[in-house]
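Nothing in this text is a laboratory measurement; each read-out follows from the coordinates by a stated rule. Please read all numbers here as calculations on a predicted model, not as lab measurements. In this analysis, Cβ positions are derived from the backbone assuming ideal geometry, glycine residues included, and neighbour counts consider all displayed protein chains.
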Amino acid sequence: MHKNRVKARRLVTERLDPEYYHPQYLSDEDRLEEFGSEYLGKAGRFFVGPFGSKLPSSLYLDKGIIPLFRISNIGAMQVDFSGMAYLHPSVHAELKASEVLPGDLLIVKASVGEKICKIPENIPKANITQHIIALRPNGKFDIDFIAAFLFSGYGRRQLVRRSLGSIIQYLGVSDTKTVLLPKVDKQAETYIGDKVRLAERLRERSQKIETEVKQFFSIPYWNEEKVGMYRSYRTKSEIIHPERLDTAFYDPAHINLKEVLYRNRAIPLSKLANQVKKTWNKSSHIFYYLEIGEINLSNGSIAPKILFTKEAPSRAKLLVKPWDVLVSTVRPNRKNIALVPDVDLDFPIVASTGFSVLRFKSKAETVFYHCWLRSDAATQQLMRWNAGGSYPAIDDDIAISTLVPQYPDEIVEEQGKRWLIKFIGEDLSICLTTAAKLLVEALIEGKLTEDELKIAQEALQKGDREPDKAILSRLTRKGYDIKDEPPLFPDLDLIYQTIDQLYADEQGE
């Protein structure tokens, strides 16, 4: 509970609840007015989805051509396609008033400030539920700049402030229109908006390559036999393993996979990689810590945590390097396999003992075989050696002994370099949207000027990345020019290489 004096001009007769006048909210408003601002309502037309009675769940389809955006499909500056429902064209036609188009901005009424996304270009039209506010831009502002601002601290706090409710806060259209939006030079707006658009393109490319990787590593047998289809079967005595007398180990699907792999001249992964078992001597109290729960299951990346503590977690024992492959020894069925990110080496990188660590000769090999280890064929091999029940677990030497077809060196090199964008594309997209919101905050707080952004944008249009690099290098995970914080982009050269590859791929399509 707090008390605070409020100037009369700040009072809103419809809102006399004390929380609405929290000092932080008033400070934000003062800062935005001093910076120069306009109401969000001037950015375009606002509308919401139909009431539940007009769109009952019985009308939802599992497949179709008209996506229906629900709360679960709106993420942090990105669309979440998992569990997407669809509408029949005739139903959509009756709900034309809530049709959303590419470029429309979606704001969730609940989970205020956490769920915002833009309708991507590859969705010609869609619809929304009553729990979503849509903004159709009128071109006065860069819509991606608006998205970055609403996702920033200044935008989120305004949305939270305007929401109502005791248990679940809910945002209304009228209140949303009163959000203060900073007035920024068009070139500076575009610079920040371009970071959001680049993030969207990288996500789309990562998703396309993920599909490509699955097709590349598909095994012809896969649709013929599945593990667990057989209740009883006979096994040749010569393939009996003395340490495994459980029937699941000899499922015909496992035997068939092994035969298929041998026909493809498969070799153990130990011929291509070394298993790393070097332990950390705990000489530093500041270190990057990698644990299983931090793995991004969609692309196999992992975000490191820096721990400032005298007591390291008991499982923090494996000393690893950037580009090592981490194979989880628990729940391998979830494809918990990650690449160690290329982070600042001023601190040691330590992994949990819940990983088996593999090290390959080159970056291209690392990416290629990281993708292989996430394939269905590799997962089945790992699961064959599962020693658990409802909680699968394998020994740490199983990963290095899995069989992999012998691929020509030139294929490994070519595909490994190409697939690198899959590994870092999705994480880079998150970093770029984070950068966009941090740049907005830095601009409002005077840590960065509009002229700096204008110069960087003009230079980028001429092919000069140096001013852009100077700005991005000052970003940390917690803000702009924050002392003793690791950089948001540890390797800008790698990022520019990834962006160049993205442009090359787009031009080649």
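With the Cα gyration tensor of segment 3-147 in hand, convert its eigenvalues to equivalent ellipsoid semi-axes via √(5λ) and list them largest first in whole Å.
Computed over segment 3-147, the values are 34, 17, 13 Å.
When 1/r is averaged over all different Cα pairs and the result inverted, which Kirkwood radius in Å belongs to segment 415-509?
That comes to 14.4 Å for segment 415-509.
If R₀ is 51 angstrom, what is the calculated FRET efficiency for the pair Arg9 and Phe51, using the beta carbon separation as r and rounding to 0.05? Let's see the in-between values first.
Values: r = 37 Å, r/R0 = 0.72.
FRET efficiency, Arg9 to Phe51: 0.90.
Give the Debye-formula value of log10 I(q)/I(0) at each listed q (0.14 Å⁻¹), with one equal scatterer per alpha carbon of segment 313-388, two decimals each.
Here the Debye-derived log intensity ratios amount to -0.47.
Cross-link partners among aspartates and glutamates for Lys109, C-alpha distance below 15 Å, same-chain residues fewer than 8 apart left out?
Those aspartates and glutamates meeting the cut-off are Asp175.
Go through 490-497, 425-432 and give me the packing order, highest mean Cβ count within 10 Å leading. Could you put the intermediate results ahead of the total?
On the way: 490-497: 14.8, 425-432: 22.4.
By packing density, highest mean first, the sequence is 425-432, 490-497.
Along Cα→Cβ, 7 Å out, is where each label goes; now give me the distance between the ones at Glu19 and Thr279 in nm to one decimal.
A separation of 5.0 nm, rounded to one decimal place.
In segment 444-488, which residues have a backbone nitrogen under 18 Å from the label point lying 7 Å from Lys186's Cα in the Cα-to-Cβ direction?
It comes to 450-462, nothing else.
At most 13 other Cβ atoms within 10 Å and a DSSP loop assignment: could you name the trypsin sites (Lys or Arg not before Pro) in segment 429-509 that fit?
For trypsin sites (Lys or Arg not before Pro) across segment 429-509 that sit outside H, G, I, E and B with at most 13 neighbouring Cβ atoms in 10 Å, the list reads Lys462, Lys478, Lys483.
Evaluate the distance, in nm, between pseudo-label points positioned 7 Å from the Cα of Asp376 and of Ile411 along their respective Cα→Cβ axes.
Label at Asp376, label at Ile411, 1.9 nm between them.
Arrange the following residues from fewest to most other Cβ atoms within 10 Å of their Cβ: Met77, Met383.
So the residues, fewest neighbours to most, are Met383, Met77.
In terms of Cα to Cα distance under 16 Å, which aspartates and glutamates are near enough to Lys321, apart from those fewer than 8 places away along the same chain?
Correct list for Lys321: Glu291, Asp342, Asp344, Asp346, Glu365, Asp491.
Taking the convex hull of the Cα atoms, report for segment 470-509 its projected area averaged over all directions, in nm².
3.2 nm²
List, largest first, the extents of the alpha carbons of segment 44-121 along their principal axes, each in whole Å.
31, 28, 25
Reachable lysines from Lys454, Cα under 27 Å, same-chain residues fewer than 8 places away excluded?
Lys42, Lys118, Lys140, Lys183, Lys186, Lys195, Lys437, Lys462, Lys469, Lys478, Lys483
Suppose the chain between Leu492 and Gln461 were pulled fully straight at 0.36 nm per residue; how much longer would it get relative to their current alpha carbon spacing?
Numbers: separation 31, 0.36 × 31 = 11.16 nm, distance 1.84 nm.
Residue separation times 0.36 nm, minus the Cα-Cα distance, leaves 9.3 nm.
In square nanometres and to one decimal, what's the mean projected area of the convex hull around the Cα atoms of the chain?
Reported value for the Cα convex hull: 29.3 nm².
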